[in-house]
Every structure is written in structure tokens, then in C-alpha cells.
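Worksheet for the structure shown next.
The values are calculated or read from the model by the stated rules, or taken from the named source; none is laboratory data. Quick caveat, the model's predicted, so the values are computed rather than measured. Cβ coordinates were reconstructed from backbone atoms using ideal geometry, including for glycine residues, and neighbour counts include every protein chain displayed. Only protein heavy atoms, including side chains, enter the accessible area calculation; ligands, DNA and RNA are left aside. Shrake-Rupley method; radii C 1.70, N 1.55, O 1.52, S 1.80 Å.
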Amino acid sequence: MNLLLISNSTMAGEAYLDYPKHNIAEFLGASKMKCLFIPYAGVTVSFDDYEAKVKSRFNEVGHDIISIHHFDDPVKAVEEAEVIVVGGGSTWQLLRMIHDNNLTEAIRKKVFSGTKYIGWSAGSNLACPTIKTTNDMPIIDPLGFDALNMIPFQINPHYLDANPDGHGGETREDRIIEFVEVNRETTVVGLREGCMFTFDENGIGYIGTRPLRIFKYGVEPYEVQADDDFSFLIK
């Protein structure tokens with residue numbers, strides 16, 4: 001597999017997809033690639049507008065985008081894709097449309113055959129076994145929680161340590177601890193903003209300066225530094 005799984009598209013005060021654009025370019029390589037974009041997580045933005053937004057940034061670093069919504073046969077579009085790119089937004093809506101269009105096995109087959117996959121936020125959640133560690137409200141029935149199951153652990157993107165001022169509810173850590181209490185065999189990684197995973201023939205890699213937060217049943221949550229060995233996550 002060749003995966004680039006990004007926590008978030010945009011850092012505060014920056015342009016959309018600005019901070020990871022060079023990581024995306026490096027991941028795709030020097031030859032221009034025409035990437036199949038899956039915009040299904042977009043709810044309050046049209047697919048045309050979402051495509052244009054992503055296309056602009058990819059064009060900036062020498063690559064191109066075409067959205068899957070332009071194709072009459074989404075499965076065939078995936079089967080013929082040079083690269084698969086899945087954007088952020090509502091993970092629930094994303095997975096519902098993946099299921100509605102019968103794309104789960106088509107994407108898995110392509111990625112496991114070597115086609116590169118880039119996801120951010122919801123697109124990173126989609127690579128996990130399930131979408132159960134998303135931060136989104138369940139705005140639609142996704143027809144099951146099972147996702148692409150391309151990596152053996154769960155990601156919580158946009159992971160936050162702090163509780164906002166004036167908020168008396170559970171923290172993000174509290175909610176993930178509830179998850180591992182019920183899903184005891186599953187490891188969850190709190191992926192902080194500005195950070196991303198890579199997967200290739202050499203195993204798992206990490207880009208970013210901030211540590212990961214690791215959650216496992218029966219173990220106190222702990223930090224793994226950016227320059228540590230992450231191979232335990234895929235063993």
C-alpha cells in the first residue's frame with residue numbers, strides 16, 4: 001500500500017491545503033498525476049466547488065484532480081484511477097455514499113494493488129477499520145460503520161488535548177477512553193493537527209512535529225514522539 005493519511009486540511013490562519021501541499025507533491029512524485037477525487041464528505045459545499053478548491057491546490061504543486069461525481073460509473077472510475085484522493089467533511093455522509101455507490105471493495109482492491117491513496121480528516125477515518133473514532137455528528141445512517149480497513153488501528157483526526165473554556169462535558173480523551181473500554185482489541189491514535197502518516201513498502205512513517213496520543217484498553221493513554229518507532233501500530 002501507498003497511503004498518505006493527514007489529520008487536517010488547514011491550519012488556523014492558513015489557506016486550504018496549504019501546509020500539506022508539499023507533502024502531497026512528494027508523495028505523488030515528479031510525474032504529473034491525474035487524481036480521482038472523492039468529495040462525498042462535503043455536505044454544505046457543492047461537489048463542483050469542492051473539486052475546484054482541491055484542484056487549485058493540487059495544480060499548484062504540479063498535479064491534477066477530477067471528481068468522481070463526473071463519472072456515470074463510479075466503480076469503473078475507481079478501477080481506472082491513477083491516484084485516489086478523499087477529502088474531509090462529514091465522515092458519516094462520506095461512508096454512506098461509499099456504500100451507496102458500492103465502492104468499498106473497489107477502493108480496497110485498487111489500493112492493495114499499489115494505487116496511491118491520499119486522505120485528510122474524514123478521508124483518513126475512511127482508511128481505518130471503522131469510522132467509530134470520527135468527531136462528527138451522525139447526520140445520516142452510513143449503512144454500517146465498517147470502513148476500508150486498510151490500516152489495523154483507528155485514527156482520531158484533529159485530536160485535541162484541551163477542553164474549551166466554559167465547556168463542562170467530556171474531553172476528547174474521555175470519549176476515546178470510552179471507545180477502548182467497549183472496543184478492547186482496538187488501538188486508537190490521537191493524530192494532532194499538522195501531522196500525517198505515510199504507509200509504503202517500508203512500513204509506517206510519520207510527518208509532523210507533534211507527538212501522537214495512544215489509547216489502548218487497560219493502559220494509561222501515553223505519548224509517542226514524532227521521531228520514535230511507530231511500527232508497533234501495524235504489527
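The condition (being open to solvent by 60 Å² or more (accessible area, probe 1.4 Å) and either farther than 25 Å from Glu14 by Cβ or touching a helix residue (DSSP H, G or I) at 6+ places or on another chain (Cβ under 7 Å) (or both)) is satisfied by just one residue among Arg175, Arg210: Arg175. For the criterion of being of a type outside the set (Val, Ile, Thr), surrounded by fewer than 23 Cβ atoms within 10 Å (Cβ to Cβ) and over 17 Å from Ile98 (Cβ atoms), Lys216 passes.
When Ser121, Ser67 are screened for being buried (at least 19 other Cβ atoms within 10 Å of the Cβ) and touching a residue at least 40 places away in the same chain (Cβ under 8 Å), only Ser121 passes. Of all residues in segment 23-64, those that are closer than 20 Å to Arg96 by Cβ, open to solvent by 30 Å² or more (accessible area, probe 1.4 Å) and outside any helix (DSSP H, G or I) total 4.
Taking segment 90-117 only, how many residues are more than 25 Å from Met137 (Cβ to Cβ) and open to solvent by 10 Å² or more (accessible area, probe 1.4 Å)?
Step one: list which residues in segment 90-117 are more than 25 Å from Met137 (Cβ to Cβ), which gives 102, 105-106, 108-117.
Next, from what is left, pick out any that are open to solvent by 10 Å² or more (accessible area, probe 1.4 Å): 102, 105-106, 108-110, 112-116.
Number of matching residues: 11.
Within segment 196-235, being in contact with a Phe, Trp or Tyr (Cβ under 7 Å, 6 or more places away or on another chain) and not in a strand (DSSP E or B) holds for Ala226, Phe230, Leu233.
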